[in-house]
Amino acid sequence: MASGILSARSRLVTVALLVAVMVLAGASTAFAVSIDTFATRPVVAAAEAPNTWYVDRFKPAVFDSTWFNGGYRLRLGIAASDFQGLGNFAATQGRKYDLPAGTTMTQGDLYVGPDWNGAVARRSDLWATAVDAQGATCGYPMIGFLNNPTAFSGTPAYTGFRCWDNNGWHNVAPAGGVVFGKWYTLKTVMSATKVDYYIDGQVVYTSTFASDPDMATAVQYHDVMLQGYNFNSSYDIYWDNVWNVQPGPNPTITPASSPWSLALLALAGLAVVGVFQFKAKEARA
């Protein structure tokens with residue numbers, strides 16, 4: 001029953017978005033957008049495959065659904081035992097997912113925990129691969145958060161949000177500044193002449209193709225990536241509500257603290273009470 005409730009929740013997200021798109025488009029055009037709420041476990045693989053999160057650069061120690069902060073989330077775990085060296089290509093550890101043709105937006109919710117403002121480094125980003133009509137890579141729009149208290153390998157000390165285009169990193173900030181222990185919705189949107197970078201629905205940076213000419217022929221995003229960085233320490237990263245990703249088919253183990261498990265316990269309790277009442281009636285008869 002739990003898996004049925006969870007799969008129904010995933011379907012509900014897709015249907016609700018389809019209706020919303022139809023309304024906004026005046027019902028003249030409609031397309032379904034899937035959001036992975038990670039109520040079911042993501043499908044993972046070592047190599048590229050449809051509807052699969054496959055390894056980019058280096059496999060993270062954990063990439064799975066879990067119960068965190070009041071809901072099901074994606075846990076991306078970085079392990080010190082997987083340290084590859086600061087500045088190393090494989091220090092970036094995550095997975096990517098191939099997007100439907102014509103996708104020009106990525107979006108996901110990142111939890112910036114209280115421990116992301118301390119002496120131990122933390123980092124996670126939402127990446128996309130922008131391609132031209134022939135599938136050749138034009139660039140990698142990225143947005144994410146870095147807590148880097150100590151400079152390394154040319155990366156200066158910095159704590160805050162950043163976005164990337166072919167000209168490098170750009171430090172940005174949400175309205176009101178960074179609040180730790182909070183979820184942030186990160187998004188990139190590509191149009192014919194630019195990429196806009198968003199935090200919580202507000203544009204925080206615009207990369208024009210006039211200033212980034214390598215992106216001038218980009219027509220779509222090929223994939224979305226969720227990345228962490230291995231600073232030779234172990235920590236967990238939490239993402240949720242990643243756009244245009246099909247939820248996995250495998251049910252998540254329902255934890256004791258989730259509302260679904262409480263509902264199931266209540267139903268089980270009612271069933272037990274019903275059995276005792278039935279037995280009591282039989283005894284009186």
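Things to note:
- Selection count, segment 131-178, where residues are more than 30 Å from Ala216 (Cα to Cα) and in contact with a strand residue (DSSP E or B) (Cβ under 8 Å, 6 or more places away or on another chain): 7
- Failed item, numbered, when Asn171 is tested on (1) surrounded by 15 or more Cβ atoms within 10 Å (Cβ to Cβ); (2) part of a strand (DSSP E or B): (1)
- Any chance Thr52 is farther than 15 Å from Gln227 by Cα and buried (at least 19 other Cβ atoms within 10 Å of the Cβ): no
- Of all residues in segment 154-162, one or more are more than 19 Å from Val242 (Cβ to Cβ), among the aliphatic types (A, V, I, L, M) and at pLDDT below 95.
- Looking at Ala119, Ala39, just one residue is within 15 Å of the chain's Cα centre (by Cα) and more than 30 Å from Ala192 (Cα to Cα), and that residue is Ala39.
- Filter result for the condition that a residue is in contact with a helix residue (DSSP H, G or I) (Cβ under 7 Å, 6 or more places away or on another chain), in contact (Cβ under 8 Å) with a residue 12 or more places away in the chain and either part of a loop (DSSP other than H, G, I, E, B) or not small (Gly, Ala, Ser) (or both), over Thr159, Thr206, Thr188: Thr159
- Residue check for Tyr238: farther than 30 Å from Ala79 by Cα, of a type in the set (Phe, Trp, Tyr) and modelled with pLDDT of 95 or more: no
- Checking Ala90, Ala133, Ala101, Ala119 one by one, the residue that is surrounded by fewer than 22 Cβ atoms within 10 Å (Cβ to Cβ), part of a helix (DSSP H, G or I) and at negative phi is Ala90 and no other.
- Checking every residue in segment 66-73 against the condition of being over 15 Å from the mean Cα position of the chain (by Cα) and either among the hydrophobic types (A, V, I, L, M, F, W, C) or not in a loop (DSSP other than H, G, I, E, B) (or both) gives zero matches.
- Residues within segment 136-153 that are of a type in the set (Val, Ile, Thr) and outside any strand (DSSP E or B), tallied: 1
- Restricting segment 104-162 to residues that are in contact with a Leu (Cβ under 7 Å, 6 or more places away or on another chain) and of a type in the set (Lys, Arg), the residue that is nearest to Phe38 (Cα to Cα): Arg123
Residue-wise test of (1) at pLDDT below 95; (2) farther than 22 Å from Asp200 by Cα.
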site	(1), (2)
Val55	no, yes
Pro60	no, yes
Leu76	no, no
Leu86	yes, yes
Asp109	no, no
Pro114	no, no
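The values are calculated or read from the model by the stated rules, or taken from the named source; none is laboratory data. Since the structure is predicted, the reported quantities are computational estimates derived from the model, not experimental observations. Glycine also receives a Cβ, built like all others from the backbone with ideal geometry; neighbour counts cover every protein chain displayed.
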